[in-house]
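The values are calculated or read from the model by the stated rules, or taken from the named source; none is laboratory data. Values in this document were obtained by computation on a predicted structure and should not be read as measured data. Note that we place each Cβ from the backbone using ideal geometry, even for glycine, and neighbour counts take in every protein chain shown. In case anyone asks, the SASA skips ligands and DNA or RNA and just uses the protein heavy atoms, side chains included. Shrake-Rupley method; radii C 1.70, N 1.55, O 1.52, S 1.80 Å.
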Amino acid sequence: MDNKVKNQIRSIVGKEHCSDRKEDLFLYSYDAMNRRYLPDMVAHPSSAQEISRLINLANEQLFAIVPRGAGTGLTGGSLAVDGGLIITTSRMNRILEIDPENQTAWVEAGVFNGDLQSAAAGYGLFFPPDPASMDFSTLGGNAAENAGGARAVKYGVTRDYVMALEVVMPTGEIVHTGSAAIKSVTGYDLTRLIVGSEGTLGVITRLLLKLIPIPEAVGTMLAAFPEISTAAKAVASIMSSRVTPSTLEFMDRTAVECVKEYLHDDIPSDVAALLLVEVDGSPSVVEADAKVLENKCLEAGALYVQSARDSEEREALWTARRALSPAIMKIRPLKINEDVAVPRMKIPDLITGIEELARKHRLSIVNFGHAGDGNVHVNLLLDPEDKEEVSRADHCVKELFQLVISLGGTLSGEHGIGIAKAPYLDIELESSATDVMRKIKQALDPKNILNPHKTFDYDKTSLERELSPDNG
Ligand SMILES: Cc1cc2nc3c(=O)[nH]c(=O)nc-3n(C[C@H](O)[C@H](O)[C@H](O)COP(=O)(O)OP(=O)(O)OC[C@H]3O[C@@H](n4cnc5c(N)ncnc54)[C@H](O)[C@@H]3O)c2cc1C
């Protein structure tokens, strides 16, 4: 990118709101995945109009634009793999309106999920999508990744709560999608096309989100199992019962060890897996439903089921659960984190298959995740200096994906494809499906300006430009 273009960017957003200094660019060269790519410039626009002008300039001068929220993505989606301009939504962080009667909120894309939760709680409402990163990820990023969380088992994922969007298209037009009406079938569903498109089809600038009333009561239980397979059986039994839990989270023994400092009581050494189970609703329903699920766990072979005695104990359990992903990093410096999902009745087969893969490839694998919706985080723990182990892990990941697809599952339940899973896309998608995606991208972004080299636009050559201590 030459200086003339950089000056045009400065004149659009103001020179105090952009930078091409290497120390600044470095901060935007990574996300929560283990790779680094340096952009040519980073800009912090304040409106859809400014973003539109930046995108028009990119189409004239042919440089890439990469949208970025808080950079907590786990698949490299916000990385400028081939240079170009990163645009952040950090200055577009206002909650514009909470409408308690219609139970909706208009927000700018850079608002943190957790900030919306706090504001909505003042009206007795909440926004159900609750990624573990909710306190430090943006709603624009959540929509772009179609993020999910522990509550997805009962309440669904981000897609289910986005009613309308303001989006800047890859050709610069500002488009309004969707409707404030609960029902709307006018035209193609552009909102659903943009949600989950990982920043490749448009830059989301504003969102109209659905909120729902906070349940009157919540019951939280921790069930301990002597084997992972019995915990998996309990998941299958719970999910085929008449009670839908609001949360059904799974942790294996190593995962529990990683966060035991947050847990009130010691976990006995014969415990191989834990389920964190929650039910919500009116107090009488919660009491009855909790009993049903407790029995399901005991029938499946739980050693014990313990209820959180108060809100402090419940909060401790949640703190432990949310701390899991970063805590696991402490065991080994390199972690490959897959977030595969299978039809939930296949969870026992998935867990057995993962145990076999770990043995076959001599790898340490930690499993935890949203068992209730079949979404298991499979963490391969590695030593980056051990090249032979890293190579075994690559084979293991490929076989994991093959296993998941053979069980009727999917490569990613919530983290998206980005660059991390792009090389494996054809294990899941038929070429006719990727062709349709390519045609949509081509129609909306003829010059391939917006977030190139992601998902099906995988380009090995660009990815090889990764920063290393030698070239950084
Ligand atoms: C500790 C930890 C826990 C996590 N837990 C969960 C979890 O439970 N569930 C889950 O789903 N994810 C989880 N994640 C992953 C991540 O937090 C989510 O994907 C989140 O939605 C990303 O939001 P962000 O603002 O950080 O987006 P970024 O990482 O900045 O960007 C993610 C993608 O969205 C695009 N994007 C960002 N903003 C926009 C916009 N305004 N318009 C268009 N495209 C945009 C980017 O180009 C990129 O492709 C976790 C991550 C961490 C580090």
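A few points about this structure:
- Figure legend. Inter-residue proximity from the range 435-458: first residues without any contact (Cβ under 8 Å) to a residue 40 or more places away in the chain, second residues aromatic (Phe, Trp, Tyr) and outside any loop (DSSP other than H, G, I, E, B), beta-carbon distance below 6 Å, spacing 6+ or different chains. Indicated pairs: Met437/Phe456.
- Scanning the range 441-451 for residues that are open to solvent by 70 Å² or more (accessible area, probe 1.4 Å) and in contact with a helix residue (DSSP H, G or I) (Cβ under 6 Å, 6 or more places away or on another chain) yields a total of 1.
- Listed conditions (1) open to solvent by 10 Å² or more (accessible area, probe 1.4 Å); (2) modelled with pLDDT of 95 or more are all met by Val203, apart from (1).
- Pair list, Cβ under 6 Å, 6 or more apart: the range 142-166 residue within 17 Å of Gly374 (Cβ to Cβ) and among the aromatic types (Phe, Trp, Tyr), other residue away from the ligand (no atom under 12 Å from the Cβ) and not in a helix (DSSP H, G or I): Tyr155/Pro128
- Of the criteria (1) crowded, with 24+ Cβ neighbours inside 10 Å; (2) more than 11 Å from the ligand (Cβ to nearest atom), which one Pro215 fails: (1)
- Top-ranked residue in the range 84-98 [being open to solvent by 10 Å² or more (accessible area, probe 1.4 Å) and under 23 Å from Gln8 (Cα atoms); ranked as farthest from the ligand (Cβ to nearest atom)]: Arg91
- Comparison of Val218, Val243, Val203, Val175 shows that the only residue that is in contact (Cβ under 8 Å) with a residue 12 or more places away in the chain and within 23 Å of the chain's Cα centre (by Cα) is Val203.
- Residue among Ala105, Ala144, Ala70 that alone is within 13 Å of the ligand (Cβ to nearest atom), outside any loop (DSSP other than H, G, I, E, B), buried (at least 19 other Cβ atoms within 10 Å of the Cβ) and of a type in the set (Gly, Ala, Ser): Ala144
- Residue in the range 108-141 that is least open to solvent (accessible area, probe 1.4 Å), counting only those that are among the aromatic types (Phe, Trp, Tyr) and within 11 Å of the ligand (Cβ to nearest atom): Phe112
- Residues being in contact with a Phe, Trp or Tyr (Cβ under 7 Å, 6 or more places away or on another chain) and open to solvent by less than 30 Å² (accessible area, probe 1.4 Å) - total across the range 24-62: 3
- Being open to solvent by 10 Å² or more (accessible area, probe 1.4 Å), within 24 Å of Glu101 (Cβ to Cβ), among the acidic types (Asp, Glu) and within 15 Å of the ligand (Cβ to nearest atom) is a description that does not apply to Glu198.
- In the range 158-177, of all residues being more than 18 Å from Val111 (Cβ to Cβ) and buried (at least 20 other Cβ atoms within 10 Å of the Cβ), the one that is farthest from the ligand (Cβ to nearest atom) corresponds to Thr177.
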